[in-house]
């Protein structure tokens, strides 16, 4: 599965996904880097069939209203350390991949994965 990690999240999130066998980019890998607009993130994600990984609720609104991005993983853990985010997310990557087979919107919170749509 392909992912595009948004600017609010550390680049290492893309590395965790890559280590799990996914194709993952961070906005820093795009031409405009972390100045890439949300619309450009959506365009890149949809053209390359990537799920957007973001903490930004604006992506939720666009996904629900316009179906863009086509797949969204919202990180709603609040402010936690990168170490704690890694401890939460990495073991759940196989579950995230499985859920994206049949769902388009997932949320990762402190208690795990929530299927939203």
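Considering 106, 97, which residue is under 18 Å from residue 21 (Cα atoms) and at pLDDT 95 or above?
Checking each option against the conditions leaves just 97.
Consider only pairs whose beta carbons are under 6 Å apart and that are at least six residues apart or on different chains; among these, list those whose first residue lies in the range 96-116 and is without any contact (Cβ under 8 Å) to a residue 24 or more places away in the chain and whose second residue is in a loop (DSSP other than H, G, I, E, B) and surrounded by 13 or more Cβ atoms within 10 Å (Cβ to Cβ).
115/103
I need the full set of residues from the range 96-116 which are in a loop (DSSP other than H, G, I, E, B) and surrounded by 13 or more Cβ atoms within 10 Å (Cβ to Cβ), in order please.
103, 104, 116
Is one or more of the residues making up the range 46-55 modelled with pLDDT of 95 or more, outside any helix (DSSP H, G or I), under 18 Å from residue 2 (Cα atoms) and more than 12 Å from the chain's Cα centre (by Cα)?
yes
Please enumerate the residues belonging to the range 19-65 that are in contact (Cβ under 8 Å) with a residue 60 or more places away in the chain and either within 17 Å of residue 104 (Cβ to Cβ) or surrounded by fewer than 12 Cβ atoms within 10 Å (Cβ to Cβ) (or both).
22
If we scan the range 86-93, do we find a residue that is at pLDDT below 95 and either surrounded by 14 or more Cβ atoms within 10 Å (Cβ to Cβ) or farther than 19 Å from residue 117 by Cα (or both)?
The answer is no; no qualifying residue exists.
Restricting attention to the range 10-34, report how many residues are over 14 Å from residue 45 (Cβ atoms), in a loop (DSSP other than H, G, I, E, B) and touching a strand residue (DSSP E or B) at 6+ places or on another chain (Cβ under 7 Å).
So the count comes out to 1.
The values are calculated or read from the model by the stated rules, or taken from the named source; none is laboratory data. Please read all numbers here as calculations on a predicted model, not as lab measurements. With ideal geometry, Cβ positions are generated from the backbone for all residues, glycine too; neighbour counts draw on all protein chains shown.
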